[in-house]
1. At 18 Å minimum axial length over the Cα atoms and a Kyte-Doolittle cut of -1.0, report the qualifying DSSP H helices in the chain, or say none.
2. Calculate for the chain the 222 nm mean residue ellipticity that helices alone would give, adding -39,500 (n - 2.57) per DSSP H run of length 4 or more and normalising by residue count, nearest 500 deg cm²/dmol.
3. Roll a 1.4 angstrom probe over the protein heavy atoms and tell me the percent of accessible area of the range 164-289 that is carbon or sulfur.
4. Under the 0.36 nm per residue contour assumption, what length would be gained going from the current alpha-carbon distance of residue 135 and residue 52 to full extension?
5. When only C-alpha pairs under 8 Å and at least 6 residues apart count, what is the relative contact order of the chain, in percent?
6. If one computes the Cα centroid of the range 243-289 and of the range 203-236, what distance in Å separates the two points?
7. When ranked by the protection proxy of mean other Cβ atoms within 10 Å per residue, highest first, what sequence do the peptides 165-172, 243-250 form?
8. Past the 32 Å Cα-Cα mark, which pairs from 173/273; 74/172; 19/172?
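The values are calculated or read from the model by the stated rules, or taken from the named source; none is laboratory data. Nothing here was measured: the structure is a model prediction, and the numbers come from that model. Cβ placement follows ideal geometry from the backbone for every residue including glycine, while neighbour counts extend to all protein chains displayed. The protein model used for the area step is the full one, side chains on, heavy atoms only, and it has no ligands, DNA or RNA in it. Shrake-Rupley method; radii C 1.70, N 1.55, O 1.52, S 1.80 Å.
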Amino acid sequence: MMLFGGVLCTLFFSCSQEKKLDNVFYCFNNGVRTMLNAPQGEEAQAALVKRLGYDGLAGHGEETYYAWRAALDKVGLEMPEIYIAMNIKDGKISQHADLRNILRHARDRNLLVALHLHADSSVTDRAQGDSLFVQGLRDLADFAAPLNIQIAVYPHADLYCETLHHAVDLAKKTGRRNVGATLNLCHLLKVEGEQGWEQKTIDALPWLFMASIHGADSGDTRTMSWDRLIRPLGEGSFDVYKLVKLLKDNGYTGKFGLQCYKIQQDCETALTKSITTWREYQRRYAGGE
C-alpha cells in the first residue's frame, strides 16, 4: 500500500512538473491585411486565423476596431491586442477621440493596448518627451485599470521609442501596475543588433506583457532589410525557439504575437508554416529540449 502511494505521489509530482508552452499565441493584424492572396473582408480573414489554430487576431487602430471586434466575435476568436498610436502634438498628448469608448467596449476581455509613440517638433529633448509620455501613459492606465485592460509601450524603429530599454524605462516611470512593455524581435534586431539580446530580454522580463516573434536571419541585423528580419516562423537562421525558451524558463506568462509585416508570401501558406512551427516549439518545450 505504501509502495502504491509512493508511486502515485511520484506520478503526481511528475505531472505537476510538466513543462508547457501554453501562452497565448496570436496573429498580428498585418498577417491578414498585407500578405499575398489573403481572404477579403474581416470575417473571412478572422475565420482563416481561427481555422489555422491561432488563439486570436490583433486589432489595428481605432478606426477599424468595431468591425474587427464584430468579425472576431462572429467566428469565436479573441482580440488579445490592439496596435494604437500615442502622439505628442504641439507639446501635448494627443489620442483618437474614440479611444476611451473602445476601451469601455473591451472591458474584461483581456485586451492589451500596444502603443507606438510619436512626437512632433515641439519635443526638443528626451527629458521633455519622456515626461509628457509618462503622464499620458498614467492617464490612460488609470482609465483602463478598472476595465482590466493592460497598456504596453511598443518600441519601434524610427519612432520616438525605439529600444526595449527605453520602453521599459517609460513603463517603470508610470508607477502603474497595468503598464508594461513589449519585446519586438524585428525592431530589437534592426535598432540594437543581435548582440546581447539574451541579457536585454532577462532585464526587461518583469515588465513584459507581450513578445512579438517571427522568423529572422542572424548576423549584422542592423543593416538588413525587413524581408530578412521578418519571415514566417520557422524560416531564417536566428534561433527564435531560444528566445521563447528563455522567456518561459524565467517565468514569462505574457502573450506571444506573430509579426508578419511585409512578408510577401501566400497568406495561408505562411500562416500555416508559422503555427506549425509554434506547435513544434510546444512539443520541444514539453520534451525538455
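1. Details: long enough: 2-16 (21 Å, 1.85); 126-144 (26 Å, -0.08); 267-286 (29 Å, -1.03).
Long hydrophobic helices here: 2-16, 126-144.
2. Computed ellipticity for the chain at 222 nm equals -13500 deg cm²/dmol.
3. On the way: 2450 of 5220 Å².
Ligands and nucleic acids excluded, carbon and sulfur give 47 percent.
4. Numbers: separation 83, 0.36 × 83 = 29.88 nm, distance 4.04 nm.
Gain on stretching residue 135 to residue 52: 25.8 nm.
5. Working: 524 pairs, mean separation 57.5, N = 289.
Normalised by residue count, the contact order of the chain is 20 percent.
6. 11
7. On the way: 165-172: 20.5, 243-250: 17.2.
Top to bottom by mean Cβ count within 10 Å: 165-172, 243-250.
8. On the way: 173/273 39 Å; 74/172 38 Å; 19/172 30 Å.
Too far apart for the 32 Å limit: 173/273; 74/172.
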